[in-house]
Each structure stands twice: as C-alpha cells, then as structure tokens.
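A short write-up of the structure that comes next.
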Amino acid sequence: MTKNIIILLVSFLQIGLFSIGGGYATIPLIQEQVVDFHHWLTLQEFTDIITISQMTPGPLAVNTSTFVGIRIAGIFGAIVATLGCILSGFILSIILYRFFRKHKDIDIISNILKGLRSTSVGLIAASASTIVLIAFWGSPLLNVKAVNFNITAIIVFIISLFSLRKYKMNPIFIIVLTGIIGLFFYR
C-alpha cells in the first residue's frame, strides 16, 4: 500500500510538472503513466475516466488524478494523486511567472513560448484522435476496420457537435441528453 502511494505521488508529480498546455494536452502524459507504464488501468478504463472527468467540475488533469488515485489506493490515494498533480504545477507556475515577467521582452523567450504553444496543439490533437478512435471503432489503433465502426456513436457525435456549434446549446444539457441516449442505444 505504501509503495503504491509513493509511486502514485511520484507519477502525478511528473504529470503535474510536465503538463504543458493543460487540459487535453495532458492526456498523453497521463495515459503513458497510468496505462502504458504502470498498467493501473486499461485503455478503455482510462477513456472512461477521461469522459467522467469531463462531466465533473474542475481541471481535467486534477479530476483524472483524483479518479485514478481512488482506483489505486482509495480516498488517501485520491488525495495523494491530486496533490501530486497540483503541487509541481503550482510551484512551477510561480517560478515561470516570475521568470517570464522579468524576461518578457527577450525574443528567444517569446520564441520558446511559441514552440510550447505549437506542442500543446499537437498533444491535444493526439488525445482527440485517440478518443475518436476508441469512441467510433473501439480501438486506439489506426488500423481500424469498417465492420467495427460504431454508427450510433458517430450519429450522437454529429448531433452533439451540431447542437453545440450551430445552436450554442448548453453543454450540460448535451451531456445529460447523450447520457440518456446512451442508456437506450448501448444496452
């Protein structure tokens, strides 16, 4: 138990430290730690946790760390994983804020920030593609087959996207509605 807690803390300290871009940009890093490296969760369980994290208030990485912590070591694990995720980011943010504030007019610093922004977009795109592949084909692999295509998932996706973008519907309403749709169509 103690060993799991220490590993959980170190893993989420690393995630918090290297979560450049926040939000969806952190998903590949979290996945690497909890699915690929430690095998705490399957990829499907991880995707489910990401989905649940999106439906709860708070930042994605913090919510995910809390859910993973609970799964691995109960309430204490949730506290440790969440603190690990927050602590390094909090300290790093203070240090970087002071550094960039002091050196904001230097071109090389500006160029570093542009590079980090581009990387964040790439990380978000990689996460989105994994989620799309799992939702529509049930696998994170690119060698998808038409027979595994989930037509219900694509229809729900298109309706949700259209409702959000065209009609600016409330995201909470969309989440509740698609949860009800899922209840009936995925029995």
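Here the simple spin-label model places points 7 Å from the Cα toward Cβ, and for Phe173 and Leu17 these points are separated by 4.6 nm. Think of a 1.4 Å ball rolled over the protein heavy atoms: the chain then has 64 Å² of accessible area per residue.
Its alpha carbons considered, the chain gives a radius of gyration followed by a Dmax of 18.6, 58 Å. By the equivalent-ellipsoid construction on the alpha carbon gyration tensor, the stretch 95-187 comes out with semi-axes of 39, 19, 11 Å, ordered largest to smallest. Within a straight-line Cα-Cα reach of under 26 Å, Lys104 can be paired with the following lysines, leaving aside sequence neighbours fewer than 8 residues apart in one chain: Lys114. When the chymotrypsin sites (Phe, Trp or Tyr not before Pro) in the stretch 145-187 are filtered for DSSP coil states and for at most 13 other beta-carbon atoms within 10 Å of their beta-carbon, the remaining sites are Phe149, Tyr186. Protein heavy-atom surface of the stretch 36-187, 1.4 angstrom probe: 71% of the accessible area is carbon and sulfur, with nucleic acids and ligands not counted.
The values are calculated or read from the model by the stated rules, or taken from the named source; none is laboratory data. Given the structure is predicted, the values throughout are model-derived calculations rather than measurements. Quick reminder, even Gly has a Cβ in these numbers, built from the backbone with ideal geometry, and neighbours come from all protein chains shown. Remember, those area values only see protein heavy atoms, side chains included, never the ligands or the DNA or RNA. Shrake-Rupley method; radii C 1.70, N 1.55, O 1.52, S 1.80 Å.
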